[in-house]
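Any read-out appearing in this document is the output of simple, stated calculations on the displayed coordinates, not a laboratory observation. What you are looking at is a predicted structure, and each value in this text was computed from that prediction instead of being measured. In this analysis, Cβ positions are derived from the backbone assuming ideal geometry, glycine residues included, and neighbour counts consider all displayed protein chains.
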Amino acid sequence: MSQVAILYFSGFGNTHHLASAVEQGVNDGGAKAKLHRIEGKDIVEGQFKNEAVFAELAKADGILFGSPTYMGGPAAQFKAVADASGGVWMSQGWKNKLAGGFTHSGSLSGDKLSTLQYFAVLAAQHGMTWINPAELSDPKTGINRLGSFSGVMGQTAPTFGQKPPELDDGDRQTGILFGKRFAQLVAKYAK
């Protein structure tokens, strides 16, 4: 069975809900998903320090990147992992793995495309192949309601932790469909 790692950071919990939807889709699509949530304890003096996560990513056939979009890009916690992946890059440890991404923010645009482009460039630098969601916008179901074709986007009005985290049902369904697609492609291309 193909293995898919979902590497993500979630500040208020909304992105965690999106990661869980993608995880469900991967599992429904016939692969085994494993969530790797970036935690504050993993960042030591500004550097990501969790070799166990890197060992899990090395075993995966595909890696999905996720982060809220903060100030037009991924959260600093995600960027710390990307910066720490330099050794993996040197050894080409993720070369030929499949990659994809998802992001969430409080506004409809919120410059989420910049975050997805960051993930795609990170994947390209690692020699990975980027997979897109391939879902048309459907106003009846809310699937791909934000019209993103580079990765999955979610949006929830900001509450800054004043309310429990939530996820729009259309965004959840988009995440599930993306996870299924990713799992099917990983099974097709993984050795």
Extension reserve of the E51-D138 stretch, reckoned as 0.36 nm per residue once the Cα distance is removed: 27.2 nm
Highest-fluctuation residue, G110, G161, G13 considered, GNM on the chain with Cα pairs under 10 Å: G161
Percent RCO, i.e. relative contact order, over the range 3-189, from Cα pairs under 8 Å lying at least 6 residues apart: 30
Positive-end residue, the chain charge dipole about Cα centroid, Cβ charges, pick of L136, A190, A82: A190
Cut-off 12 Å between beta-carbons: net charge of the residues surrounding T129, Lys and Arg +1, Asp and Glu -1: +2
The range 118-191 versus the range 33-86: alpha-carbon centroid distance in Å: 18
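Report the longest stretch of the chain that contains none of the GluC sites (Glu not before Pro) sitting in a DSSP loop with at most 12 other Cβ atoms within 10 Å.
Of all site-free stretches, the longest is 46-191.
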Around G73: net Lys/Arg minus Asp/Glu count, Cβ-Cβ under 9 Å: 0
Assigned charges on the beta-carbon of Lys, Arg, Asp, Glu; the chain dipole about Cα centre (debye): 420
Sparse-neighbour loop sites [trypsin sites (Lys or Arg not before Pro); the range 65-138; at most 13 other C-beta within 10 Å; DSSP]: K95
Listed residues S20, L113, Q3: farthest to the positive end of the dipole of the range 3-189 (Cβ charges): Q3
Shape category assigned to the chain from the gyration tensor of Cα positions, a/c cut at 1.5: oblate
Positive minus negative residues near I176 (Lys, Arg vs Asp, Glu; Cβ under 15 Å): -3
Estimated [θ] at 222 nm from DSSP helical runs (n ≥ 4, -39500 (n - 2.57)) normalised by residues in the chain, nearest 500: -12000 deg cm²/dmol
Reference-scaled alpha-carbon Rg (2.2 N^0.38 Å with N residues) for the range 56-126: 1.11
Among the listed pairs K32/K180; K32/K59; K34/K180; K34/K163; K59/K95; K59/K79, those beyond 19 Å (Cα-Cα): K34/K163; K59/K79
Footprinting exposure proxy for H126, H36 (fewest neighbouring C-beta atoms within 10 Å first): H126, H36
